[in-house]
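The values are calculated or read from the model by the stated rules, or taken from the named source; none is laboratory data. Note that this is a predicted model, so its numbers are computed, not measured. Cβ atoms come from the backbone with ideal geometry, glycine included; neighbour counts cover every protein chain shown. Protein only, heavy atoms only, side chains kept; ligands, DNA and RNA dropped before computing areas. Shrake-Rupley method; radii C 1.70, N 1.55, O 1.52, S 1.80 Å.
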Amino acid sequence: MDDTRRYERLRERLQNGDISRRSFFGLLGAAGAAYGVQMPFARRAFAQSDVSQVRFDGWGGVVSEAFRKHAFDPYTKKTGIEVVDGTFPGGDEYLALVRASQPGEYNIAHLSGVFDYARYHSFDLNSELNLANIPNMANVMPALMDAFKSITPDSLSAAPYDYGTTGIAYNRKFISDEEIREKGAKILIDEKHKGKIGGWSDWRTRMWYAALQTGQDPNNIEDTEAAWNAVRTHRDLALKYWASGAELMSLLAEEEIHVTEGWSGRIYALQEQGHDIGYYDPPNGFGWQECLFVIKGSPMAACEELVNFMLDKDTSIAVAEGQSYPPALDPTKVNLGEKIPKLPAFDPTGTLSGLTFANPTYWNGNEADWSKEFGRVQRGY
């Protein structure tokens, strides 16, 4: 039996539930390789001419678990096309990897924000989707589609997939709902909670919340000095910056921190686990959407087929319930069930008029200076 047939047999056992993922990799003799992208058989996903595999990179944790369970495995069973999934450390780091790669090495990315969409286009990493191959795109909210069309009116390189907010998460054992509503974003620079404050190590989030803390429009910060002073104040009061959703959840669950900004879906997941964590979106709080971006040089037919499969009603709902972020599907067209309307940030109107999104031109225009300055802040300057 050759390696390919042996792998196929083992894969069938894995999909049938006969063996665990750990046993699967162990039986392949790859116990030291944690991800399929490191295995010889998975390297075929990088070849432009081979459309038997597609590489997908995402945020890891419960999000990747939801994709694997509800989208990738069923897709592979239906089409025979393997999805090799990887996890990127952050948006900026991943973009650097893609820019340094060969065409076709990276295929689909679960990107965050319209500014990422604009950035990838600015570096000529965009593809052009054939929407005739993605009929399920017709059920996506126009509000999410329009955000991309404002950048590329005549074509699309991505499909909107989900949305959420970066609001304030707090432990009700130590902080009341009343205190949160009274102080809003300023609670993150409140001396009272020194040493029990957290924050994401992301320059955009730090400046967005600094704008709120200094009474400014996040999409038009006029007094940048005051904003940077707020960023430094937060740094001095915080226990630490967190770098991933898993770390965010751990810090709150273990009560190492009492308050932080956090991603709505991850906070809902903590609440489902029984933790008494509150969640509050302050006025002009950070709203965002995520997309399935198909990178230039990818096998387009296979990628379009996967995107269409992921936008299928049943798949989208299952993934949304698994990762706790509302799907991009228009709730006025599609019945989204019972759980999704209860998720933070969900908009039953499909207009998303209650959310504030980052202006991609403004934020991308300040990226070079502000990301560099935040690097200095992190180092203590």
Around Y163, which amide H atoms from residues at least 5 apart in sequence, or from another chain, sit under 5 Å from its own amide H, with H modelled in the peptide plane? E290
Taking placed amide H atoms and a strict 5 Å upper bound, the residues 5 or more places from F286 or on another chain that come that close are T166
Would you mind checking K173/K194; K313/K333; K196/K339; K186/K342 for any pair whose Cα atoms are more than 20 angstrom apart? K196/K339; K186/K342
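Can you give the convex hull volume of the alpha carbon atoms of region 340-381 per residue, in Å³?
On the way: hull volume 4.9 nm³, N = 42.
So the per-residue hull volume is 117 Å³.
Provide the packing ranking of 272-285, 110-123, 254-267, i.e. peptides ordered by the mean count of other C-beta atoms within 10 Å per residue, highest first. Please list the in-between numbers first.
On the way: 272-285: 15.8, 110-123: 20.6, 254-267: 22.9.
The most tightly packed comes first, giving 254-267, 110-123, 272-285.
Dividing the alpha-carbon radius of gyration of the chain by 2.2 N^0.38 Å (N being the number of residues), what value is obtained? Write down the numbers at each step before the final one.
Working: Rg = 21.2 Å, N = 381, 2.2 N^0.38 = 21.0 Å.
After normalising by residue count via 2.2 N^0.38 Å, the value is 1.01.
Using a ≥ b ≥ c from the Cα gyration tensor of region 283-335 (square roots of the eigenvalues), is it rounded, prolate or oblate, where a/c under 1.5 gives rounded and otherwise the larger of a/b and b/c decides, a/b for prolate? Spell out each step's value before the answer.
On the way: a/c = 2.40, a/b = 1.40, b/c = 1.72.
Cα axes put region 283-335 in the oblate bin.
Peptides 335-342, 231-238, 91-98: what's the order by average Cβ count within 10 Å, highest mean first? The partial results should precede the final answer.
Values: 335-342: 13.8, 231-238: 18.4, 91-98: 15.5.
So the order, starting with the most tightly packed, is 231-238, 91-98, 335-342.
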Give me the Kirkwood hydrodynamic radius of region 146-208, using the inverse of the mean 1/r over all pairs of distinct Cα atoms, in Å to one decimal. 15.0
Once you wrap a convex hull around the alpha carbon atoms of region 88-152, what is its projected area averaged over all directions, in nm²? 5.0
Tell me the per residue accessible area of the chain using a 1.4 Å probe; a whole number in Å² is fine. 43
Using the basic label-point model (7 angstrom from Cα toward the beta carbon), what is the R379 to S101 distance in nanometres? 3.0
Just round it to a whole percent: the fraction of Cα-Cα distances in region 236-381 exceeding 24 Å. 49
